[in-house]
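These notes concern the structure reproduced below.
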Amino acid sequence: MTMAKSANLYARIEPDVKEQAESILSALGIPASNAINMFYKQIIMCRGLPFDVKIPTARPIDMGVLSEEQLNVELEKGYADMKAKRTKDARQAFLDIRRDYGL
């Protein structure tokens, strides 16, 4: 048995955020109202937000703004990590970055 959808939700959000999210939802074939309903159901099932809400401790470095000296320091760090086998494959690294920084 399905319950009729009769409750309204009014929320103010940034226009750019709304536009970007609705563009993605449209590409997925999901109306915004369905996505909001899914989000609310996940809140109920998780008894809280269905994702971690936290401030990242570090942001990715924008290599384009580094001086040559700063770039060399970062490359040396990467080389040291590689030699010490503190690495992961690229696919996992990109998945982690997207997850950690909401990309």
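Quick rundown of the values:
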read-out	value
Breaking point among (1) surrounded by fewer than 10 Cβ atoms within 10 Å (Cβ to Cβ); (2) at pLDDT 90 or above, for Phe39	(1)
Residue that is farthest from Gly102 (Cα to Cα) [pool: residues in the range 1-58 that are part of a loop (DSSP other than H, G, I, E, B) and of a type in the set (Phe, Trp, Tyr)]	Tyr10
Candidate set: the range 42-63, residues that are among the aliphatic types (A, V, I, L, M) and surrounded by 11 or more Cβ atoms within 10 Å (Cβ to Cβ); chosen: the one nearest to Ala93 (Cα to Cα)	Ile61
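For (1) in contact with a helix residue (DSSP H, G or I) (Cβ under 8 Å, 6 or more places away or on another chain); (2) at pLDDT below 85, each residue gets a yes or a no:
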{"residue": "Ser6", "(1), (2)": "no, yes"}
{"residue": "Tyr10", "(1), (2)": "no, no"}
{"residue": "Ile44", "(1), (2)": "no, no"}
{"residue": "Leu49", "(1), (2)": "yes, no"}
{"residue": "Lys54", "(1), (2)": "no, yes"}
{"residue": "Gly78", "(1), (2)": "no, no"}
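Results for (1) farther than 24 Å from Lys18 by Cβ; (2) in contact with a Phe, Trp or Tyr (Cβ under 6 Å, 6 or more places away or on another chain); (3) of a type in the set (A, V, I, L, M, F, W, C); (4) touching a residue at least 40 places away in the same chain (Cβ under 8 Å), shown as yes or no for each residue.
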{"residue": "Asn37", "(1), (2), (3), (4)": "no, no, no, no"}
{"residue": "Tyr40", "(1), (2), (3), (4)": "no, no, no, no"}
{"residue": "Val65", "(1), (2), (3), (4)": "yes, no, yes, no"}
{"residue": "Tyr79", "(1), (2), (3), (4)": "yes, no, no, no"}
{"residue": "Lys83", "(1), (2), (3), (4)": "yes, no, no, no"}
{"residue": "Phe94", "(1), (2), (3), (4)": "yes, no, yes, no"}
{"residue": "Leu103", "(1), (2), (3), (4)": "no, no, yes, no"}
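The values are calculated or read from the model by the stated rules, or taken from the named source; none is laboratory data. What you see is a predicted model; the values in this text were computed from it and never measured. Glycine gets a Cβ as well: all are built from the backbone with ideal geometry, and neighbour counts include every protein chain shown.
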